[in-house]
Amino acid sequence: MSRKRMAKCLALCALALAVCVGIAAALVISKNRQRAAEAAAAASAAAASEAAKAAEEEAARAASEAAEAAHQEEERLAAEAAAAKRAEQVTAAQTEHDSVVCISGDENGTMNELLAGFAAQTGSGRFFAMPSDAQATAQAWKLMGGRGRVGFDIPNSDYVFAVGANVLETWGSVVVNRHAWGQARPAGAEPAMRLAYAGPVQNNTAAGADLWLPIKPGTELFLLLGVARQLIKDGVAAPAGGLDDFAALVAKWTPEKVCEITGLMPERFTAVVDGLKKAKKPLVVVGSDMDQGGGTGPVRIGMAINMLLDRVNKEGGMRMIPLAPPAVNGAASYDVLMQGDLVRYAADMAQGNMPEVGVLMVYEANPVYALPGKDIEAVFKKSDFSVAFTCFFDETARRCDLVLPNALGLERYDDVAEPFSYGKFVYALVRPVAEPLYQARPAGDVVIDMAYKLGINLGVSDVVTMLKAKAFNIGADWGSLSDGNVYVSDIVVPNKTLAYRFSPDDLALVEKAEAAAASSGKELAVAFVSKLGLGTPETAIPPFNTKLITDDELDKNMLVAAVNGATLKKLGLYEGNRIVLTSKAGKVMAKIRVFEGVTNDTVALTMGFGHTAFGEFNDGKGMDVMALVTPSSEPGSGLSVWNDTRVN
């Protein structure tokens, strides 16, 4: 397809919303003209009567209304056409372009397949999911030889060791995790599930855990290496390929060494190892305190510990969940879609190492606010035309050339396909209960209409057809799904490929990470605190949730930084002092408070503040802590990581 034709087709896409309004206006014009004709006929039949005079007045009024409606419609279409023409001219002037690039904030829907298929068939194939722990986990799973998608059967485990993963607040299927934790702890009875949590801040998961392991930010890898070493030493090592190499990798990580580098108390290290060994159905889950920016290294070690404990494809263990075939022509499977690294792509774009973009499509994502660094701005600057499909006018929507209002979740068909972390195969249908307001349309239908105009065959005619195809591929009954039932299956992929896939190169990477941890100097490590009640980058803080914000997180409009008493004394500061935290990436202003639930030489900052696009309930409240973050590339995997931020 030529660039010129592509530009013209995309110009048609820019007019997609105008079509429905234009039809409605045309109906109004037609009706008014009909009324004018009827009035004129009545006037000629009784020219001498008062009725004729009234009919003439009615005809004149109707004609005036029709002319005004036509004029307004012509002006609107002319403006849309002019904008489309500009996009066409800009696109045609470029020589090397990625035709379409898609960014999605959908965590588990078939919309990702639709966007990926559209991008693939327009030539670029560049689809990026927003960074998350799901991405790091998927890449780690692939490196370990895992098939399908990894799931963690938390509800059926009797001992969960969560390292960095804020399982009771923001990590994975939080509602399932909370329900399982609550059901396992009936009042007055012995808990059926024990929870141990390792992290630098006593967040809600740490507060609810039976055992909190306070470790310095960025030292999760070393704790996991030590746990693996101790289990192997104690004879807990289920056989699988590569076990000897793994044992060599963890050999030097004695309890003493682990506690020295992590700051952990020795008795708590011993307690968690004993808990894993004594449990009948232990499970290890690994994430990051930001629910994004973590590397594959700690996740791989966590998976290896589950293998040592012989917890693969077991009830309450780590399970290999099958992947449903894509329902959209040209779309890749979930594991392939999770390979795209948006942060690295933005950095490459900023450095001039990527072709410019014809059309940038952003679906229910807010990368302008949520991504670390400022490189995402280069993606917008080097895109001829940018479109936001969104329910909210967020920071990214403000940056785009065109905003197409997406129907809300209660106004559209959608689905939930295999949510991240859940230990079973799950598929659920989302059905509309109300008509979309104003000019909102389901984004999926808009994309399918665009594909039709471009001559692209996605294999689906509308969103409902797409979801029916997805249900068919899974083997779920559409009627049952439509009745509100959830399709759940215990099926797993046979474990024939999973192994302790570690090599001498991994040993070098661990040594490099150890050297970096030892060279932190006088800088403070940053622990980021994520709270479900503070919304998401796409929704910001819902107005009714502002009552959940405490003075320990936001003092009037100023961000609060939490440190423990020993760190405060070391810094020579006092509680209530206003400070500026500075990193290589940027700075934030904050007010100091003392909280003993923070590890030494660490400052805790709450995420979710500092919005500039959501109105009085969010704008100007605190600062966006992502301003402090500098991404780097994880050795080995190459994945962009930013879970070890340090400030002065």
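The values are calculated or read from the model by the stated rules, or taken from the named source; none is laboratory data. A quick note: this is a predicted structure, and the numbers were derived from the prediction, not measured. Virtual Cβ from ideal backbone geometry, glycine too; neighbours counted across all protein chains shown. In case anyone asks, the SASA skips ligands and DNA or RNA and just uses the protein heavy atoms, side chains included. Shrake-Rupley method; radii C 1.70, N 1.55, O 1.52, S 1.80 Å.
Rolling a 1.4 Å probe over the heavy atoms of the protein chains gives the stretch 310-391 an accessible area of 32 Å² per residue. Over the stretch 518-648, accessible surface divided per residue gives 48 Å², non-protein components excluded, 1.4 Å probe. Figure note: C391, C400 ranked by solvent-accessible area, largest first, 1.4 Å probe, ligands and nucleic acids not counted: C391, C400.
In order along the stretch 437-444, the Karplus-derived 3J(HN,Hα) couplings, from 6.51 cos²θ - 1.76 cosθ + 1.60 at θ = phi - 60°, round to 8, 6, 9, 5, 9, x, 4, x Hz, and Gly and Pro are given as x.
When R578, R185, R431 are compared by accessible area of protein heavy atoms, the largest-first order is R578, R431, R185, using a 1.4 Å probe.
Among the lysines, which fall within straight-line cross-link reach of K257, defined as a Cα-Cα distance under 23 Å, with same-chain neighbours fewer than 8 residues apart omitted? Candidates past the 8-residue exclusion: K216, K233, K277, K512, K522. So if we plug the beta-carbon distance of A627 and S480 into 1/(1 + (r/R0)^6) with R0 = 45 Å, what FRET efficiency do we get, rounded to 0.05? For R0 = 45 Å, the calculated efficiency reads 0.40.
Amide H contacts of G172 (H built 1.01 Å from N, in plane; Pro and chain starts excluded): no residue 5 or more places away or on another chain comes under 5 Å.
Given a 1.4 Å probe, how much area per residue of the stretch 111-223 is accessible, in Å²? Mind showing how you got there, number by number?
Values: 3350 Å² over 113 residues.
Per residue, the stretch 111-223 has an accessible area of 30 Å².
Each label point was placed 7 Å from the Cα along the Cα-to-Cβ direction; for D244 and K278 their separation is 3.5 nm. The listed peptides 546-559, 157-170, ordered by packing as a protection proxy, come out as 157-170, 546-559 (highest mean of other Cβ atoms within 10 Å first). Close amide H contacts of R194 (hydrogens built in the peptide plane, cut-off under 5 Å, sequence separation of 5 or more or a different chain): Y159, V160.
The residues packed around L532, meaning those with a beta-carbon under 13 Å from its beta-carbon, carry a net charge of 0 if Lys and Arg are +1 and Asp and Glu are -1. For the stretch 553-566, 3J(HN,Hα) computed residue by residue from phi via the Karplus equation (6.51, -1.76, 1.60; θ = phi - 60°) reads 10, 8, 9, 6, 10, 9, 4, 10, 10, 9, 9, 7, x, 5 Hz, glycine and proline entered as x. Residue ranges 335-343, 303-311, 380-388 sort as 303-311, 380-388, 335-343 when ordered by packing (mean number of other C-beta atoms within 10 Å per residue, highest first).
Taking only protein heavy atoms and a 1.4 Å probe, the accessible area of the stretch 503-615 is 56% carbon and sulfur.
Among R412, R501, the order of accessible area from largest down is R501, R412, computed with a 1.4 Å probe on protein heavy atoms.
Couplings 3J(HN,Hα) of the stretch 533-543, computed from phi: x, 8, x, 10, x, 7, 9, 6, 7, x, x Hz, in residue order, whole Hz [Karplus 6.51 cos²θ - 1.76 cosθ + 1.60, θ = phi - 60°; x for Gly and Pro].
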